[in-house]
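Visitor: One structure coming up, written as structure tokens, with questions to follow.
Every number in this text was worked out from the coordinates using simple rules, so none of it is lab data. Owing to the predicted nature of the structure, the values given are computational and were not obtained by experimental measurement. Glycine also receives a Cβ, built like all others from the backbone with ideal geometry; neighbour counts cover every protein chain displayed.
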Amino acid sequence: MLNPVPDPLFARRASLGAGLVMLLLLCVSATGFNPALLTDPATLASLAGFTAQFWPPALGSTLLAEVAAATVTTLACATLGLALAMLVGAPAAYFGCRTLGEAALSHTRAQPLAAAAGALLRGVLVAMRAVPEVVWALLFVRAIGLGTLPAVLALGVAYGGMLGKVYAEILESQPPENARALGAAGAGRLARLAYGVLPGALPELVSYTVYRFECAVRASALMGLVGAGGLGLLLDNSLKMMNGAETATLLIAFLLLVGAADATSRLARQALATPRGTTALALAFASAVLASLWQLDTLWQGGVANADALARFAAEFWPPDLSASLWATLAEALWQTLAMSVLGTLLAVLVAVALALPAAGELGVLLQLAARALLALLRGIPDLVWAMLAVLALGLGPAAGVLALALHTSGVLGRLFAETLQNTPAECRQALAVAGAGRATAFAYGVLPQVLPQWLAYTLYRWENNIRSASVLGIVGAGGVGGALFFALSLFQMPTAATLIVAMVMLSWLAETASARLRAQLG
């Protein structure tokens, strides 16, 4: 009789499994989220009653007119916000691009002053994009008042940091030979950019800008949740009034707006394939900027004149609060945020796997269509909106944040998991089936080992994103550091708010670093 060969990785796997179980227990304790509540008859009856309030949607002419006007306002904010971000990001990329510097041309080290200036510029861009755009909107609302101007400024700052970083990376990825040749001939930095780097980089620069417009539309629709106008403002009012019919109408409008943004993004990318299409796209964007300025001009009367309030407002944050009394609150808020992200992501993985199988066509055409529709709904509604709905259903606290992250992330991961299944070669499964293996066995040994590494990578990417999302869910009552920040700003405790924002940025940076290391180990 043959002795079984011991698994050399058993101890490592057992320790990882035990650590994961312990982490889950700690996260459940920190958030107060009890998965058993989701199967409790009383909870299910309460959720059913809450959901029933959303049908039928309100279709009154007055409401539809308000929704149409708010949708136009949302699009105008997204357009102007992106235009402002381009005005910030393009010069930052120009001065921050290393390959355009004199040191890169001469293959020497940069001068200390130039190196310090470049490091400072990159640090500013990191700070701009590390703070979520909704938090920027909340800060600008506190500084200059309610309205659409805070939404535009928030997008300009947050996306300006993103565009500056990505634009510089795209420019630096171009072959440096042309720029070096121009530099050797005496051309200046601007000429080296215009003739040596930009021609090759332009399609990718425009493509990324188009993608950012799609993101800006989604973000702009949420700004009203903190008082920055648009669809979000109507949604916030409807939820506070517990008007389910109006909320349903606004959610439908939001989904249609996001779908239209996705379609516009695809058409814009197709237009980039030809010079005529690229020119038409540029003219369309310029026209949209002018139309947006005309649309929002009357809403900004008095707002721009108070722009100097921004400097006075920023000065109130210095110095940050470093008192010992804040550390306990900060530690608890950060731990809640981390626990929400971990638990929400792990719950989403379970739902995503369950929905990915039918969405990939494993269980028939009808279930495939139903699963895809459900996944589209889950990911189409942002986690911040899910959080507002979860707070109404479950009450205030991080448990609502866990549920919101789980719902939205399951839609995202479910789609990615299903696409991975569909793209997996079928040879291994077919060989096992020919050898007599059942359908479940052929999937477990012929498909799952191929898709599991990619699924783990997708999960880590989403957990990294969920850290940022969890840090702002408290703005609508779902606990974590966002709740502490909203409370501090409401009481005008600006030094405390400054400390919380720095902690939020540091948590996001640590999560990004940890996720990158885990992905490297899995790779």
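Visitor: Please sort 175-183, 116-124, 230-238 by packing, taking for each peptide the average over its residues of neighbouring beta carbons within 10 angstrom, highest first.
Guide: Final packing ranking: 230-238, 175-183, 116-124.
Visitor: I'd like to verify something in the chain: which complete DSSP H helices, judged by Cα projection on the helix axis, reach 20 Å or more and average at least 0.5 on the Kyte-Doolittle scale?
Guide: What comes out of the filter, once short or polar helices are dropped, is 10-31, 61-96, 112-130, 149-172, 198-223, 244-271, 275-297, 324-359, 365-380, 398-423, 494-522.
Visitor: Using a cut-off of under 19 Å, list every residue of the range 322-348 whose amide N is near the label point 7 Å from the Cα of VAL21 along the Cα-to-beta-carbon line.
Guide: Residues passing the 19 Å test: 343, 346-347.
Visitor: Can you tell me the length gained on complete extension of the stretch LEU198 to LEU518, counting 0.36 nm per residue apart and subtracting the Cα distance?
Guide: Residue separation times 0.36 nm, minus the Cα-Cα distance, leaves 111.7 nm.
Visitor: I want to check the label-to-label distance for ALA184 and ALA52. Put each point 7 Å from Cα in the C-beta direction and report it in nm to one decimal.
Guide: Distance between label points: 8.0 nm.
Visitor: Under 12 Å from a point placed 7 Å out from the Cα of ARG98 along the Cα-to-Cβ direction: which residues of the range 160-198 have their backbone N that close?
Guide: 169, 172-173
Visitor: Which part of the range 479-518 falls in the paramagnetic zone of VAL126, meaning amide N under 13 Å from the point 7 Å along Cα-to-beta-carbon?
Guide: Under cut-off, by backbone N: 505-513.
Visitor: Also, I was wondering about something else. Sorted by packing (mean other beta-carbon atoms within 10 Å per residue), highest first, where do 386-395, 422-431 land?
Guide: Those peptides, ordered most packed to least, come out 386-395, 422-431.
Visitor: Based only on Cα atoms, what mean projected area does the convex hull of the chain have, in nm²?
Guide: Computed as one quarter of the Cα hull surface, the answer is 32.0 nm².
Visitor: Measuring from label point to label point, each 7 Å out along Cα→Cβ, what is the LEU272 to LEU87 span in nm?
Guide: Result: 2.4 nm between the two label points.
Visitor: Go ahead and estimate [θ] at 222 nm for the chain from helices alone: -39,500 (n - 2.57) per DSSP H run with n ≥ 4, summed, over the residue count, rounded to 500.
Guide: Taking each H run of at least 4 residues, the total per residue is -26000 deg cm²/dmol.
Visitor: Now for a different question. Taking the simple approach of a point 7 Å from Cα along Cα-to-Cβ for both LEU510 and ASP262, what is their distance in nm?
Guide: Simple spin-label model gives 3.5 nm for this pair.
Visitor: Want the number for ALA324 to ALA311: 0.36 nm per residue separation, take away the alpha-carbon distance, what's left?
Guide: The ALA324-ALA311 span can extend by a further 1.9 nm.
Visitor: Students often check this: by mean Cβ neighbours within 10 Å, which of 80-91, 212-223 ranks highest, and how do the rest follow?
Guide: By packing density, highest mean first, the sequence is 212-223, 80-91.
Visitor: Further, regarding this structure: Relative contact order for the range 293-437 using alpha-carbon pairs under 8 Å, separation at least 6, rounded to a whole percent?
Guide: Here the relative contact order equals 28 percent.
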